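Student: Take a look at this one; I'll ask things after.
Read-outs throughout are calculated quantities, based only on the coordinates presented, and are distinct from any laboratory measurement. This structure is a prediction, so every number in the text was calculated from the model and none was measured. For neighbour counting, all protein chains shown are included, and Cβ atoms are generated from backbone atoms with ideal geometry for every residue, glycine included.
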Amino acid sequence: MIQKFDYLVIGSGIAGLSFALKVADHGRVGILAKRSLTDTNTNLAQGGIAAVLGQDDLLEYHVLDTLASGGGLSRLETVKTVVAAGPRMIRELKDLGVPFTAQVDHPDRPELGREGGHSHRRIIHSKDMTGQTVQSVLAERILNHPNITAFDHFLSLDLLQEKDANGQMRVTGAWVLDIAQGEVWAMTAKVTVLATGGSGKVYLYTTNPDGASGDGLAMAWRAGADVANLEFVQFHPTCLFHPQLHNFLISEAVRGEGGRLINSEGVPIMKDHPQGDLACRDVVALAIDTEMKRSGADNVFLDITHRPADFTRDRFPKIYSTCLSLGLDITRQPIPVVPAAHYQCGGIVVNLDGQTTRPGLYAIGEVACTGLHGANRLASNSLLEALVMADRAGAQAVIEAQTVDYPQLAEPYSPWPGGRLGHAPAEAVLITQSWDEIRRFMWNYVGIVRSDQRLTMAAKRLELVKAEIDDFFRNFEVDADLVEVRNIAVVAELIIRSASTRRESRGLHFSLTWPKQDDVNFKRDTILRNPAPPLFPGLSA
Ligand code: SIN
């Protein structure tokens, strides 16, 4: 089946939904969700959106905080552009009906939260359910827009590319699997946008939802787009440590409201750092990791019991009720927490209009690398970046769509070249288990603390797993799960490649072999281009 759109949007988090709404009055939009329309990373975002709205705050302060967090790699032009657009983005969301939490004494002003690395209160939020609230307002608009068709449970497989009128290859849509029917569609478009979010599922412990398997990144890489800075994986310092719930975030806003990190003896972990518990995430996650290794404990604790119980219940209703359902009353007991993979700071290289290095292909949100986050993202800058880049990419895409013709796919279009889709045989279970294996060695060898030796071990293990996956794809029918496994292996490879070339420690990349920051040689992005040469003997590109 072939479907034709002006704009094809892959991914239904805040970036994809906002983009779709921006362009929908200018043409037909198809938007794809791998699971349900709201099963996204955005939906889990608790903290909020950073924007300068406080009376004592200035855009310059937000710019400086972002640059400081980024460890020397954030791009100044991007930072200024994104920060400057923040207040307008918040106004637009309010106009769409997003109910941000207001100040008790000034109902017309938003209550401003605080998170690590911010010099001022500037986190606009809806209690501790900001992502969910924004997502549901945007999703409702999407479902009611006559020009937008939403497809849920459709997995994108690979990008389509055709020669344009000048003989140049251009991305013209995607091969897409209708998971329920097992059918492959070609969805063609004048402009294709990747808004597929992150890849936290490449690690054993993550705050991300199950769908975060880096599909967009893997597809873009296979299609020849440049990617950058994938060594900078952000580990959120405080994921709930509980046997029944693995990926539940305890928002940094809890520390913003006075929560303190303590070890099992009650000693504050961040006491020696000038910014204390509100230091940047790379610093806090490393401090927790060091403390856990020193004490041999499985976790540390986040203690907010000194704040009035009514305050905690009102400010953090989701965290309070979720923990209570597990038998933990956070108003009376410290919360057991561990760091977990949270955010991919690098991604597909884009310019300030969201255009990738492949004509016809845009990328926005977590999957893209705009230069905003550098070596470590400042808290709550991600939803902001997604909104601003959706706005900018939308404006550019409307112009571009007017200048190109609909793709002329040869009919019948060739079947997806990536593999034979169908019923995976029973042996496929061994390949899906490779996913656990990848997640485990990525956690152990490519986690918060790395070394050349650990990276080499990870590369060797990955080489074996990849060979098995490739062999399976050559010989058997595959299904959606296997497509995700293969994408995760690509993401793992890109992270290992990037981490191995950065022979220094900076931001979220900490190496025991290269513990110092080296501005002379490494104050630059790590750009990867496909095809890439073998990195370690035996590790194929
Ligand atoms: C949090 O609420 O701690 C997460 C916010 C973010 O990742 O920016």
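Student: With each run of n ≥ 4 DSSP H residues scored as -39500 (n - 2.57), what mean residue ellipticity at 222 nm is computed for the chain after dividing by its residue count and rounding to the nearest 500 deg cm²/dmol? Spell out each step's value before the answer.
Tutor: On the way: 15 runs with 195 residues, N = 541.
Computed mean residue ellipticity for the chain: -11500 deg cm²/dmol.
Student: If I model a spin label at Thr403 and Ser321 as a point 7 Å from the Cα along the Cα→Cβ vector, what separation in nanometres do I get?
Tutor: Placing both labels 7 Å along Cα→Cβ, they lie 5.0 nm apart.
Student: Ranked from highest to lowest mean number of other Cβ atoms within 10 Å per residue, what is the order of the peptides 177-188, 23-34?
Tutor: Details: 177-188: 17.1, 23-34: 22.0.
Result, highest mean first: 23-34, 177-188.
Student: Which of the aspartates and glutamates could a cross-linker span from Lys22 if the Cα-Cα distance has to be under 18 Å and same-chain partners fewer than 8 positions apart are dropped?
Tutor: Those aspartates and glutamates meeting the cut-off are Asp6, Glu92, Asp95, Glu140, Asp353, Glu385, Asp391, Glu400.
Student: Can you give me the long-range amide H partners of Asp329? Hydrogens built in the peptide plane at 1.01 Å from N, cutoff under 5 Å, separation of 5 or more residues or another chain.
Tutor: none
Student: Let me ask something else. How charged is the neighbourhood of Ala85? Take every other residue with its Cβ under 11 Å from the Cβ of Ala85, and add Lys/Arg as +1 and Asp/Glu as -1.
Tutor: Values: positive: Lys80, Arg88, Arg91, Arg392; negative: Glu92, Glu385, Asp391.
So the surrounding residues net to +1.
Student: Now a separate question. Got a sec? Which residues in segment 101-124 would a label at Glu257 touch, if it sits 7 Å along Cα→Cβ and we count backbone N under 11 Å?
Tutor: Zone members listed by number: 113-114.
Student: Volume per residue, Å³, of the convex hull around the alpha-carbon atoms of segment 12-153?
Tutor: Numbers: hull volume 17.5 nm³, N = 142.
Spread over its residues, the Cα hull of segment 12-153 gives 123 Å³ apiece.
Student: Cα gyration tensor of segment 69-174, axes a ≥ b ≥ c as square roots of the eigenvalues: rounded (a/c below 1.5), prolate (a/b > b/c) or oblate?
Tutor: Details: a/c = 2.66, a/b = 1.51, b/c = 1.76.
Here segment 69-174 falls in the oblate category.
Student: Taking a ≥ b ≥ c as the square roots of the Cα gyration tensor eigenvalues, with a/c under 1.5 meaning rounded and otherwise prolate when a/b beats b/c, else oblate, which class fits segment 385-541?
Tutor: On the way: a/c = 2.31, a/b = 1.15, b/c = 2.01.
In terms of gyration-tensor shape, oblate.
Student: Would you list the P(r) distribution for the chain, with all Cα-Cα distances sorted into 20 Å bins from 0 and each bin expressed as a whole %?
Tutor: Calculated P(r), rounded to whole percents: 23, 58, 19, 0.
Student: Let me ask you something else. Give the cross-link partners of Lys460 among the lysines, using a straight C-alpha distance below 24 Å as the criterion and excluding same-chain residues fewer than 8 apart.
Tutor: Correct list for Lys460: Lys201.
Student: Which listed residue (Val267, Leu44, Leu249) has the Cα farthest towards the positive end of the charge dipole for the chain, taking +1 on Lys and Arg C-beta and -1 on Asp and Glu C-beta about the Cα centre?
Tutor: Towards the positive end, the residue furthest out is Val267.
Student: Testing the spin-label approximation: label points 7 Å from Cα along Cα→Cβ at Ala297 and Ala180. State their distance in nm.
Tutor: About 4.8 nm separates the two model spin labels.
Student: Scanning the chain for helices, which whole DSSP H stretches are 20 Å or more long along the axis (Cα) and average -1.0 or more by Kyte-Doolittle?
Tutor: Details: long enough: 76-96 (30 Å, 0.16); 130-144 (22 Å, 0.08); 281-295 (21 Å, -0.18); 381-403 (33 Å, 0.42); 428-445 (26 Å, -0.23); 452-475 (35 Å, -0.56); 480-501 (32 Å, 0.90).
Counting only whole DSSP H runs, the qualifying helices are 76-96, 130-144, 281-295, 381-403, 428-445, 452-475, 480-501.
Student: Taking a ≥ b ≥ c as the square roots of the eigenvalues of the Cα gyration tensor of segment 358-474, is the shape rounded (a/c under 1.5), prolate (a/b larger than b/c) or oblate? Write down the numbers at each step before the final one.
Tutor: Working: a/c = 2.90, a/b = 1.20, b/c = 2.40.
Because a/c hits 1.5 or more and a/b fails to exceed b/c, segment 358-474 counts as oblate.
Student: Have a look at the DSSP beta bridges in the chain and tell me what percent are antiparallel, nearest 5.
Tutor: Numbers: 41 of 68 bridges.
Roughly 60 percent of the DSSP beta bridges within the chain come out antiparallel.
Student: Treat every Asp and Glu Cβ in the chain as -1 and every Lys and Arg Cβ as +1, leave all other atoms uncharged, and give the resulting dipole magnitude about the Cα centre to the nearest 20 debye.
Tutor: Values: 53 positive and 63 negative charges, 159 e Å.
Dipole size: approximately 760 debye.
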